[in-house]
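The structure appears right after this line, and notes come after that.
What follows is calculated from the coordinates using simple rules that are stated; it is not laboratory data. Every value quoted in this text rests on a predicted model; they were computed, and no experiment measured them. Heads up, the Cβs are rebuilt from the backbone with ideal geometry, glycines too, and the neighbour counts pull from every protein chain shown.
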4 protein chains.
Amino acid sequence: MSKPINVTVWNEHRHEKTNEKVASVYPQGMHTAIAEGLDVTGNIQIATLDDPEHGLSDAVLNSTDVLIWWGHMAHGEVQDEIVERVHQRVLKGMGLIVLHSGHFSKIFKKLMGTSCDLKWREADEKERIWVVNPGHPIADGIGEYIELPQEEMYGEHFDIPQPDELVMVSWFEGGEVFRSGCCYTRGMGKIFYFRPGHETYPTYYNPQVRKVISNAVKWAAPVDREYPRYGNAQPLETIKEKA
Amino acid sequence: MSKPINVTVWNEHRHEKTNEKVASVYPQGMHTAIAEGLDVTGNIQIATLDDPEHGLSDAVLNSTDVLIWWGHMAHGEVQDEIVERVHQRVLKGMGLIVLHSGHFSKIFKKLMGTSCDLKWREADEKERIWVVNPGHPIADGIGEYIELPQEEMYGEHFDIPQPDELVMVSWFEGGEVFRSGCCYTRGMGKIFYFRPGHETYPTYYNPQVRKVISNAVKWAAPVDREYPRYGNAQPLETIKEKA
Amino acid sequence: MSKPINVTVWNEHRHEKTNEKVASVYPQGMHTAIAEGLDVTGNIQIATLDDPEHGLSDAVLNSTDVLIWWGHMAHGEVQDEIVERVHQRVLKGMGLIVLHSGHFSKIFKKLMGTSCDLKWREADEKERIWVVNPGHPIADGIGEYIELPQEEMYGEHFDIPQPDELVMVSWFEGGEVFRSGCCYTRGMGKIFYFRPGHETYPTYYNPQVRKVISNAVKWAAPVDREYPRYGNAQPLETIKEKA
Amino acid sequence: MSKPINVTVWNEHRHEKTNEKVASVYPQGMHTAIAEGLDVTGNIQIATLDDPEHGLSDAVLNSTDVLIWWGHMAHGEVQDEIVERVHQRVLKGMGLIVLHSGHFSKIFKKLMGTSCDLKWREADEKERIWVVNPGHPIADGIGEYIELPQEEMYGEHFDIPQPDELVMVSWFEGGEVFRSGCCYTRGMGKIFYFRPGHETYPTYYNPQVRKVISNAVKWAAPVDREYPRYGNAQPLETIKEKA
């Protein structure tokens, strides 16, 4: 039994309410499918855009080790104050798993410092997510590749900082590639961007996709140590007087 | 003769006006000392905080390949609109050299996505900047280390993303270390953070410090290619119909 | 309770037999002090240079998740065949923790591809090992720095590939810095180089040093997945005929 | 006019002598096509396996800034002594461009420390090499991707260390991806692995492929500085006596 990790799954939860196809794939919301797929011990909470404080109160974040983020059509409605709050938590060690169209979320762009732009296409095409770093804990138990029969295409150039560790690269039927599994550390927080999960496909029911997200949660769990001290510091050694 | 690179040296230019010691070290402003030390062909422009648009109009940025940034006491006075403008330019390829206390500038924090916080101490102590990547172009012509008899101390933890390439690490007399020469790519832009240069010391007259800054300008010069296309894309290959 | 990890501690075990000072510090051998400091579940085995096959038979390696390596005066006596055997195991996922003078071991040089050379000095000087990546699992439970009152100095340039993740940097009283905690992945194996541990000092009794080594063992434990398939491959997609 | 860079193109030069198809594509040898495509100032030398010392005498290497390497069927015939000589030169700053099947050359494996194994397939399939780091100097003047109508497939997992900088990723018609443009620093030497160039296709006549190789030569050119000093070092600071 591994150490408990408390996870909060944040979902924009709009497509499910307005689009029949999405509602039929995810009748309880994408967050439910994501949460059900988590193989972690610890509490799992749900938070959505339309909850008070988007469900991300200080109390919720205080009891969150790793936050999972899915957003798309309403990135602009996420309040800057909440983004700032989440940002501070990540720098202090909370893990963050950003899924699919979350690449354009305020929090991901703020943490990356780049446009996070990319190419995309909705054409029901095949995606094959290749593991390029098979010794990485996020690749634990995953085969050589994950094949998704239908997904939205995301293509390079993906405007992100070079990942600290690149774990997966996608192949798309229509001719593109994409860096699909990207690890970062920002402050004391670990961040994993994972590409798949367009709202019209049952991707978050895929056992291998669920395994990757569970692995990522474990990888992104905070270390147990004090936040560094910053600011004015006394010398640790005697400083010689200068002539 | 190498390719011309147009450089703009941006200086906050406040300490020099209010602090006698700084004025005596840099009577024409720190920007002048930095600009005079540049061994590059191409035009060199000066821009300061109190210029209209902080000296960073579209016209100036249009004719800038690499921007050098020194700021400290007035980071908050830099207008967000100008920060946004510089950010966009960096993502499109303009190089950026951030010096010393510029670690806390809005533009550096925006590009890094972290707090960029650190330890500091003003105690006239010795700094020794060790080259840890001697094959890097920014280390060209530099000895094993650069010794500065008196500098402000900056100590770890320095809250930055892990550099894409770490070129230099400082030793301080009072007992700390610091990652002093850090390379990043963000979008198409290359960024170099270089630690030394407290306003009360003649650091920017040091020939080795000047050599590093000149090397960094050459390293950060933009490539000659089109900005990537983003957004909706047509398939390059035929996509098979799904049953 | 975390997952059991089987560890083999390899020690050259020569200094202890020939040098009184070393024998007085480590009367049961350095391996015993290192093994006693391990806070891991799982079996711990000992192997030394003068054992048959240097204690690294296939049977031993088959039951080793992570191998710890301390060597110094007899690197040349390690048989190439055993080095090759360990190398293959690392590529297939066995973790490797290389300590101190192990930087010049055949196995570390083979994995790094560089000379692994450095500066050194034996002068009973103070070392302070600063954490530069406080969110890293190897920094779990460690303070801002580890202070060792007396150690051998190792100084830059340290001729290693840029670490995939740099976790610690040392400050030395005599004026040098050193990249002291360096993470690599090679094949499916994770490697951690950790600087301290000269044979004449009681470094491996230090609780923080022991904590780092224990953390590194957990970090370097293998993932649970198949080794990739290499070689000739059939197409996964139909390849269109060319005219 | 840029600084002259002396380049030596090393070619195994066996396929051209024994395989009619290869001879028809590269009647003067692959080295000639590679050399003709170089847009660099400086001397260009040719060296092949069957030359004395494989054409890589000390005199030749003394006048080589960057070495380009193509080999395939006779990796085993390259003498270990010559490999060692080239290795030493790379660590001291000589650039190395490894092409295609050179991934399995002794020199590349020695520098990488891994098996350098991969998947492959000869099926006349389309390759599309996507630029994932458009600000990198090796991507200068290159479009979004380079399309090669027919090439040998190389697929992941490619057993290399994570590149210091990943510049290109290939898409293959048959369903695989591959990290195709990989930058490393080893010692003071810069290394670029570039995937395309199977002997039966006219890849080295492709203007974009030639541009990449020329860019890589410029990127890999040595810096102008002394090799670091290693070994026993005197203290730079006074070391306090311990009680």
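For region C:159-169, just list the computed ³J(HN,Hα) in residue order, Karplus coefficients 6.51, -1.76 and 1.60, θ = phi - 60°, integers in Hz, with x standing in for Gly and Pro.
With coefficients 6.51, -1.76 and 1.60, one gets 8, 10, x, 3, x, 4, 9, 9, 9, 9, 9 Hz.
Cut-off under 23 Å on the C-alpha distance; same-chain residues fewer than 8 positions from B:Lys3 excluded. Which lysines are left, in chain and number order?
B:Lys92, B:Lys190, B:Lys211, B:Lys218, D:Lys3, D:Lys190, D:Lys211, D:Lys218
Roughly speaking, what % of Cα-Cα pairs in region D:1-129 are separated by over 19 Å, rounded to a whole number?
That fraction is 51 percent.
In the protein assembly as shown, what percentage of the DSSP-assigned beta bridges are antiparallel, given to the nearest 5?
55
Could you work out, residue by residue across D:186-196, how many beta carbons of other chains sit within 10 Å of that residue's beta carbon, and then give the average as an integer?
Mean shielding by partner chains, rounded to a whole number: 3.
Would you grab the residues whose amide H sits under 5 Å from the one on C:Trp120? Only those 5+ places off in sequence or on another chain, please, with H modelled 1.01 Å from N.
C:Gly155, D:Gly231, D:Asn232, D:Ala233
5 Å is the cut-off here: which amide hydrogens, built 1.01 Å from N in the peptide plane, fall below it relative to C:Gln45, excluding neighbours closer than 5 in sequence?
For C:Gln45, the qualifying residues are C:Val7, C:Thr8, C:Val9.
With N set to the residue count of region C:161-243, report its C-alpha Rg divided by 2.2 N^0.38 Å to two decimal places.
1.79
Shielding of A:121-127 by partners, i.e. mean partner chain Cβ atoms within 10 Å per residue?
If you average over the peptide's residues, the count of other-chain Cβ atoms is 4.
Assign unit charges at the C-beta atoms only (+1 for Lys and Arg, -1 for Asp and Glu), then state the dipole size of the protein assembly as shown relative to its Cα centre in Debye, rounded to the nearest 20.
So the dipole magnitude of the protein assembly as shown works out to roughly 0 debye.
From the label point of C:Gln208, set 7 Å along Cα to the beta carbon, how far off in nm is each other copy's matching point, shortest first?
Nearest to farthest, the other copies are at 2.8, 4.5, 5.3 nm.
Work out the length of the dipole vector of region D:7-220 about its Cα centre, built from +1 on the beta-carbon of each Lys and Arg and -1 on the beta-carbon of each Asp and Glu, and round it to the nearest 20 debye.
Dipole about the Cα centre, nearest 20: 500 debye.
Which residue in C is nearest the C/D rotation axis when you measure from the C-beta atom, and what is the distance in Å?
Of all Cβ atoms in C, the one closest to the rotation axis yields C:Gly113, 2.
Between rounded, prolate and oblate, where does the protein assembly as shown land on the alpha carbon gyration tensor, with a ≥ b ≥ c its root eigenvalues, rounded for a/c under 1.5, else prolate if a/b exceeds b/c?
Here the protein assembly as shown falls in the rounded category.
Can you give the % of DSSP beta bridges in region A:7-220 that are antiparallel, to the nearest 5?
Within region A:7-220, antiparallel bridges account for around 60 percent of the total.
How far is the Cα center of region D:1-50 from the Cα center of region D:224-243, in Å?
Centre-to-centre (Cα) distance: 45 Å.
Determine one quarter of the surface area of the Cα convex hull of region B:102-243, which equals its mean projected area, and express it in nm² to one decimal.
One quarter of the hull surface, i.e. the mean projection, equals 12.6 nm².
Applying the Karplus parametrisation 6.51 cos²θ - 1.76 cosθ + 1.60 with θ = phi - 60° to the phi angles of region D:80-85, what ³J(HN,Hα) value in whole Hz is obtained for each residue in order, glycine and proline being reported as x?
Calculated HN-Hα couplings, in order: 4, 5, 6, 4, 4, 4 Hz.
Give the nm distances, rounded to one decimal, from B:Lys240 to the matching residue in every other copy, measuring between label points 7 Å along Cα toward the beta carbon; shortest first.
Label point to label point, same position, other copies: 1.4, 7.3, 7.5 nm.
Which three numbers, in whole Å and largest first, are the semi-axes of the equivalent ellipsoid of region D:7-220 derived from its Cα gyration tensor as √(5λ)?
24, 20, 17
Got the B:Pro149 label distances to the other copies yet, label 7 Å along Cα→Cβ, in nm, shortest first?
Label-point distances to the other copies, shortest first: 3.5, 7.0, 7.7 nm.
I need to check one value: relative contact order of region C:69-140, counting alpha carbon pairs closer than 8 Å and at least 6 residues apart, in percent.
In percent, rounded to a whole number, it is 31.
What is the average number of partner chain Cβ atoms found within 10 Å of a Cβ in A:149-162?
What the average comes to for A:149-162 is 6.
Can you tell me which of A:Tyr184, A:Tyr204, A:Tyr227 moves the most in a GNM of chain A? Springs connect C-alpha atoms under 10 Å apart.
With Cα springs under 10 Å in chain A, the top fluctuation among A:Tyr184, A:Tyr204, A:Tyr227 is at A:Tyr227.
Pull up all non-local amide H partners of B:Ile97: gap of 5 or more, or a different chain, and H-to-H distance under 5 Å with H placed in the peptide plane.
Residues meeting the criterion, in which the H sits 1.01 Å from N, are B:Leu67, B:Ile68, B:Trp69, B:Phe192.
What number, rounded to the nearest 500 deg cm²/dmol, is the helix-based mean residue ellipticity at 222 nm of chain D, given -39500 (n - 2.57) per DSSP H run of at least four residues and division by all its residues?
That comes out to -6000 deg cm²/dmol.
Residue by residue, what Karplus-based ³J(HN,Hα) values in Hz, rounded to whole numbers, does region B:182-193 have, using 6.51, -1.76 and 1.60 with θ = phi - 60° and x for Gly and Pro?
10, 9, 9, 10, 9, x, 9, x, 9, 10, 10, 9
Do you know the relative contact order of chain C, to the nearest whole percent, from alpha carbon pairs under 8 angstrom that are 6+ apart?
22
Pick out which of A:Glu12, A:Glu151, A:Glu20 has the largest mean-square fluctuation in a Gaussian network model of chain A, springs linking Cα atoms closer than 10 Å.
Taking springs between Cα atoms under 10 Å, the residue moving most is A:Glu20.
Given that compact globular proteins tend to follow 2.2 N^0.38 Å, what is the ratio of the alpha-carbon Rg of region B:1-53 to that value?
Scaled against compact globular proteins, the figure is 1.28.
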